[in-house]
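Trainee: My questions all concern the structure below.
Read-outs throughout are calculated quantities, based only on the coordinates presented, and are distinct from any laboratory measurement. Being a predicted model, the structure only gives us computed values, none of them experimental. Note that we place each Cβ from the backbone using ideal geometry, even for glycine, and neighbour counts take in every protein chain shown.
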Amino acid sequence: MSKKLLLSVIVVLLITNVATLLFWNKDDEKVVLDEGNAVDLKKPVATIEGEEISYKEWMDALRKAHGQSQLEKMIDHEIVTQLAKKNNIEVSEKVIDRELSLLTGMQGPMTEEEAEKKAKKWREDVIYRYQLAALLTMDASIPEEEMRSYFNDYKNQYNFTASLKLSHIIVPDFDTAEKVMKELDNGASFQLLAQEYSIDEDTKKDGGYLGYFTNNSQFLPTGYRETALEMEERSYSEPFKSDTGVAIIYLHAKLPDIEFTYDEIKPYIKSELALEKQKESLSTKPLWDKLDIEWIYE
């Protein structure tokens, strides 16, 4: 890494521990953070009983507390990116989709904006993790029969079954359901209406959130699966009669069915088995000497 590039990384580091620097105005001496807050560098960032904390003090404290570890993480990611490119190591979209589906299923309700931000970050993390594993095990040799045997024993753990991520509002009758529908159509929050109207005590405090279920789950109430499969993501259904009352469901996400062949998953099985044999952790340390790296904490 050149000294010029390293200097650029350090400058970015000073800001990224707090927020992403989007705009710098030298005339006004302002920094605009990604939350939309403008920081006037001539003014304190906080005042407590007349005692001021300046922007410089804030940045100095962040640099001292997190500077080295954050810079090290940034270098780690750049090492993996460069070496993966040199060695033509790519992660298949199918593997990425599987990981994103697992993570989405484990996450609670999110707005569309939150989901997009999470998915972008998760995608970066998934690619980094799989590329790092491949780089650490590039020279490893695992017998074909051992990899195929492992696949036959554990192939189901690589697959993902199509699933539905749902919330619901249960009301006692269709008259109440129509009242709820009018409020939904007028832009009211499904989550808040669930807290107000739902008679399902197990989910109302969580805004009606049920979780995610495989499409063939036996735990979904009557009518939920059939209704949800006909819906678009981030939409609510018409009221319908179910086991415990009249239901209105909200479909957060439809997660796809993903199944791998042996050849599709073979490179990842190789990395997994090789890491086990080498007793390696997912650390970039063995890769640092493969590139010319200069940094201020040497």
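Trainee: Can you work out the FRET efficiency for the pair LYS120 and ASP175, with r the C-beta to C-beta distance and R0 = 41 Å, to the nearest 0.05?
Mentor: Given R0 = 41 Å and the Cβ-Cβ separation, E is 0.40.
Trainee: So how much slack lies between ASP292 and LYS73, counting 0.36 nm per residue of separation and subtracting their Cα-Cα distance, in nm?
Mentor: Stretched fully, the ASP292-LYS73 segment lengthens by 77.2 nm.
Trainee: Going down the table (LYS121/LYS204; LYS42/LYS64; LYS118/LYS277; LYS120/LYS241), which pairs top 28 Å between alpha carbons?
Mentor: LYS121/LYS204; LYS118/LYS277; LYS120/LYS241
Trainee: Suppose only helical runs count, i.e. DSSP H with n ≥ 4. What mean residue ellipticity at 222 nm does that imply for the chain under -39500 (n - 2.57) per run, divided by all residues and rounded to the nearest 500 deg cm²/dmol?
Mentor: Values: 9 runs with 139 residues, N = 298.
Computed ellipticity for the chain at 222 nm equals -15500 deg cm²/dmol.
Trainee: Mind listing the long-range amide H neighbours of LEU210? Cut-off is under 5 Å, sequence gap 5 or more, other chains count too, H placed in the peptide plane at 1.01 Å from N.
Mentor: LEU166, SER167, HIS168
Trainee: How high is the FRET efficiency between ILE199 and ARG63 when r is their beta carbon distance and R₀ equals 41 Å, given to the nearest 0.05?
Mentor: 0.15
Trainee: Something else: So what J values fall out for the stretch 121-132 if you push phi through Karplus, 6.51 cos²θ - 1.76 cosθ + 1.60 with θ = phi - 60°, rounded to Hz, Gly and Pro as x?
Mentor: Ordered by residue, 3J(HN,Hα) equals 5, 4, 4, 4, 5, 5, 4, 4, 5, 6, 5, 4 Hz.
Trainee: Moving on. Full-extension gain between GLU93 and ILE53, please, as 0.36 nm times their residue separation minus the C-alpha to C-alpha distance.
Mentor: In short, 9.7 nm is gained.
Trainee: Another one. Considering all alpha-carbon pairs of the chain, what whole percent are spaced by more than 28 angstrom? Spell out each step's value before the answer.
Mentor: Working: 26270 of 44253 pairs.
Percentage above 28 Å: 59.
Trainee: Treat each spin label as a single point 7 Å out from the Cα along the C-beta direction, and report the GLN278 to GLU232 distance in nm.
Mentor: Here the answer is 4.8 nm between the modelled labels.
Trainee: Right, next: Explain nothing, just compute: Karplus ³J(HN,Hα) = 6.51 cos²θ - 1.76 cosθ + 1.60, θ = phi - 60°, for every residue of the stretch 206-218 in order, whole Hz, x for Gly and Pro.
Mentor: 3J(HN,Hα) across the stretch 206-218, in whole Hz: 9, x, x, 5, 9, x, 10, 10, 5, 4, 9, 4, 8.
Trainee: Shifting gears a bit: Under the Karplus relation 6.51 cos²θ - 1.76 cosθ + 1.60, θ = phi - 60°, what is the ordered set of whole-Hz ³J(HN,Hα) values for the stretch 219-224, x standing for Gly and Pro?
Mentor: 9, 7, x, 4, x, 5
Trainee: For the chain, what is the relative contact order in percent, using Cα pairs closer than 8 Å and at least 6 residues apart in sequence?
Mentor: With pairs under 8 Å counted, the relative contact order is 20 percent.
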